[in-house]
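The values are calculated or read from the model by the stated rules, or taken from the named source; none is laboratory data. It should be emphasised that the depicted structure is a prediction, and the values quoted were computed from it without experimental measurement. Cβ placement follows ideal geometry from the backbone for every residue including glycine, while neighbour counts extend to all protein chains displayed. Remember, those area values only see protein heavy atoms, side chains included, never the ligands or the DNA or RNA. Shrake-Rupley method; radii C 1.70, N 1.55, O 1.52, S 1.80 Å.
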Amino acid sequence: MKIVVIGAGAIGANIAYRLAVGKADVVVVDAARPASGTSAASIAYLSTFPQASWDEDPGRARLRLQLNDTFDQLQQEIGPGWLHWTGTLTWGLPEERAKIARDLAICRERGLDLKMLDGGKARGMAPGVLFADDDEVVYEARSGWVDAPAMVATLLDHVRKLGGSVLTDQPVCAVLRHAGKVTGVLLRDGSEIAADAVINAAGSWGSHIAALAGATLPLELVPGLVVYTEAIPGLPRQIIGAPTWMCRPDPEGGLAIHWRGEALTSVHGANGPSPQGILEDVAELIPALAGTAVAASRIGIRAIPHGGPVIGELPWLPGFYFAVSHGGVGWGPMWGRLAARELLEREIVPELNAMRPARFYIQKASFGRFADDAEQRTGA
């Protein structure tokens, strides 16, 4: 079976690897370079607190509790160097403590090993962070972060070793169709790749790729700023989840900081004033950063489908498989496994039922929804 994967980010690379393991003939196509988009500008942390407390579709909730195991399994297969289980320390503002306590109780009921620490115990774990004595800090040992570019590079190396190919700087200009089925892609250089299936793993470009296939995929595109610090002594080695920002270690030795800000919309906090201003704000709680300069900053455009991930085919468009999801780094190995089961084994994975792209389409409207329905009935 020949399969084209559009997008060489965290989701596309994981799917391509899993398909190649399953003996598919895989071609990965990217408009730029692997992991050069949102995957390279992601805080890329792995955590089930407070996510496991969310009220979400039961299938997605079950899968969420398996995510960490998929990373352990993937590391055993492709080797180390990109996955770091460091633990996470999270706390909120005083007015958020009641909600955090409720989330903590729900997560514990669902099997998570979480501890509540006071400020003194939290300082003992991360002495470089100025926790207040009365802070209530949740410690999640089974959490960490991913060096996403390194993960993607390793996965694609394995794809090549398994006989697949990776084409870079090759935008897809058309999705080819024949007799109602997707049959391949047309690239910018004029070449065509025939395929039994095409996977849309294009992230923030997912709507554009869907449109090339004659499908609609509504996405909210949300910018996320990540600031990278210099490599200096005294920085915490855990993930630190403060009320308005989060930071994690960076492969270069500094910290990667994601500014969340206070709530502005349901998915986007207020922007920080500038990368240097964000760094100075974080330095108030991590004194080692005081007086340092920003080493780099990147903005990733996060693709957030309404209602959560979009995984699977449209029934009336066989051969075109959607794999577009917020949190692509954290969900990538899971989407890779499930997409391979559906495409190679022709299995319908029930946990994905609420994530199908068909949810964005409606049936023919019935009478009773509009003020002029009586006129529609009578022809008046």
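In a simple Cβ point-charge model (Lys, Arg +1; Asp, Glu -1; nothing else charged), the stretch 59-130 has a dipole of about 260 debye relative to its Cα centre.
Just the number, please: carbon plus sulfur as a percent of the accessible area of the stretch 46-188, 1.4 Å probe, no ligands or DNA/RNA counted.
On the way: 3660 of 6920 Å².
On the stretch 46-188, the fraction of accessible area on carbon and sulfur atoms equals 53 percent.
In this structure, residue 284 and residue 169 have a Cβ-Cβ separation that, at R0 = 45 Å, corresponds to a calculated FRET efficiency of about 0.60. Across the options 153, 101, 137, the greatest Cα extent toward the positive end of the charge dipole of the stretch 70-171 (unit charges at beta carbon of Lys, Arg, Asp, Glu) belongs to 153. From helices alone, the chain scores -8000 deg cm²/dmol at 222 nm; the rule is -39500 (n - 2.57) for each run of n ≥ 4 DSSP H residues, then divide by the residue total. Rounded to the nearest 10 degrees, the inclination of helix 328-344 to the longest alpha-carbon principal axis of the chain is 30 degrees. Using the charge dipole of the chain (Lys, Arg: +1 at Cβ; Asp, Glu: -1 at Cβ; taken about the Cα centre), state which of 290, 176, 114 has its Cα farthest towards the positive end. My answer, from the dipole projection, is 176.
What you get for the stretch 177-234, charging only the Cβ of Lys and Arg (+1) and of Asp and Glu (-1), is a dipole of about 240 debye around the Cα centre. Summing Lys and Arg as +1 and Asp and Glu as -1 over all other residues whose Cβ lies under 10 Å from the Cβ of residue 343 gives a net charge of -2.
Let me make sure I get this right: for the stretch 159-228, a, b and c are the square roots of the gyration tensor eigenvalues over alpha carbons, sorted descending. Under 1.5 in a/c it's rounded, otherwise prolate if a/b > b/c, else oblate. Which is it? Oblate, since a/c reaches 1.5 and b/c is not below a/b. Computed extension gain for residue 134 through residue 298, at 0.36 nm per residue and net of the alpha carbon distance, reaches 55.6 nm. Against the longest principal axis of the chain, how steep is helix 97-109, in degrees 0 to 90 to the nearest 10, with axes from Cα atoms? Roughly 60 degrees between the two axes.
For the stretch 122-204, the relative contact order comes to 13 percent (Cα pairs under 8 Å, sequence separation of at least 6). Summarising the amide proton neighbourhood of residue 297: residues at separation of 5 or more, or on other chains, whose placed amide H is nearer than 5 Å comprise 228. Mean-square fluctuations from a GNM of the chain, with a 10 angstrom spring cutoff on Cα atoms, peak among 353, 200, 14 at 353. Once the Cα-Cα distance is subtracted from the 0.36 nm per residue extended length, the residue 36 to residue 211 segment shows a gain of 60.7 nm. Relative contact order for the chain: 24 percent, from Cα pairs under 8 Å spaced at least 6 residues apart, divided by residue count. Across the stretch 11-126, Cα pairs under 8 Å and at least six residues apart give a relative contact order of 26 percent. Considering only lysines 8 or more places apart in sequence, or on different chains, count the pairs in the chain whose C-alpha atoms sit under 28 Å apart. Count of close lysine pairs: 8. For the stretch 108-231, a crude dipole built from +1 on the beta carbon of Lys and Arg and -1 on the beta carbon of Asp and Glu, taken about the Cα centre, is about 580 debye to the nearest 20. Overall form of the stretch 6-49: oblate. Here a/c, set by the Cα gyration tensor axes a ≥ b ≥ c, is 1.5 or more, and a/b is not larger than b/c.
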